[in-house]
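Below is one structure, written out as structure tokens; the observations come after it.
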């Protein structure tokens, strides 16, 4: 299996419900290594870039309001087949369809209030890690 680095955003619901430690513990228990972590407020231009695929949709202002309600935590995780394995741990984007035992199944509410964002491909992971971290903020092992 290839070593990959992927991006996780602990969304505002995760921060507000004080689930960051529990969710991070699950990632570490699966053998992932933290190679970057920081708390940050997301400004509108960054959200427009990150959510460019839906920035023109009528619900986009709701996403912006949600993602700006509190600071979020950006996490770069490294491990074998990280992108797919992280997405499996999270469960489907729609938390109502996520099985118990997955992060979203245990803690999520719906499509948006779903605890974490995770990169959906190796290519997007590289783009997203670079979007949220400067090169000097990501550490390899």
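Among the residues making up the range 85-119, a single one is surrounded by fewer than 16 Cβ atoms within 10 Å (Cβ to Cβ) and either under 20 Å from residue 3 (Cα atoms) or touching a strand residue (DSSP E or B) at 6+ places or on another chain (Cβ under 8 Å) (or both): 88. Checking the range 108-123 against the condition returns a match, with at least one residue being at pLDDT 95 or above, part of a strand (DSSP E or B), within 18 Å of residue 52 (Cβ to Cβ) and out of contact with any helix residue (DSSP H, G or I) (no Cβ under 6 Å at 6 or more places or on another chain). If you go through the range 88-104 and keep only what is without any contact (Cβ under 8 Å) to a residue 40 or more places away in the chain, in a helix (DSSP H, G or I) and within 20 Å of residue 72 (Cα to Cα), you end up with 90, 95, 104. The set of residues in the range 36-54 being in a loop (DSSP other than H, G, I, E, B) and surrounded by 15 or more Cβ atoms within 10 Å (Cβ to Cβ) consists of 42, 51.
Given the structure, is residue 140 surrounded by 15 or more Cβ atoms within 10 Å (Cβ to Cβ) and in contact (Cβ under 8 Å) with a residue 12 or more places away in the chain? In short, no. Criterion applied to 63, 73 was being in a strand (DSSP E or B) and within 14 Å of residue 13 (Cβ to Cβ), and the one residue passing it is 73.
Restricting attention to the range 71-84, report how many residues are touching a helix residue (DSSP H, G or I) at 6+ places or on another chain (Cβ under 8 Å) and either at pLDDT below 95 or buried (at least 16 other Cβ atoms within 10 Å of the Cβ) (or both). Full working, then the answer.
Here is the first cut: in the range 71-84, the residues touching a helix residue (DSSP H, G or I) at 6+ places or on another chain (Cβ under 8 Å) are 71-77, 79, 82-83.
Checking which are either at pLDDT below 95 or buried (at least 16 other Cβ atoms within 10 Å of the Cβ) (or both) leaves us with 72-77, 79, 82-83.
Matching residues across the range 71-84 total 9.
Please specify each residue of the range 21-35 satisfying the condition of being surrounded by 14 or more Cβ atoms within 10 Å (Cβ to Cβ) and assigned to a helix (DSSP H, G or I). Listed by number, the residues that qualify are 22, 23, 24, 26, 27.
The values are calculated or read from the model by the stated rules, or taken from the named source; none is laboratory data. A quick note: this is a predicted structure, and the numbers were derived from the prediction, not measured. Glycine gets a Cβ as well: all are built from the backbone with ideal geometry, and neighbour counts include every protein chain shown.
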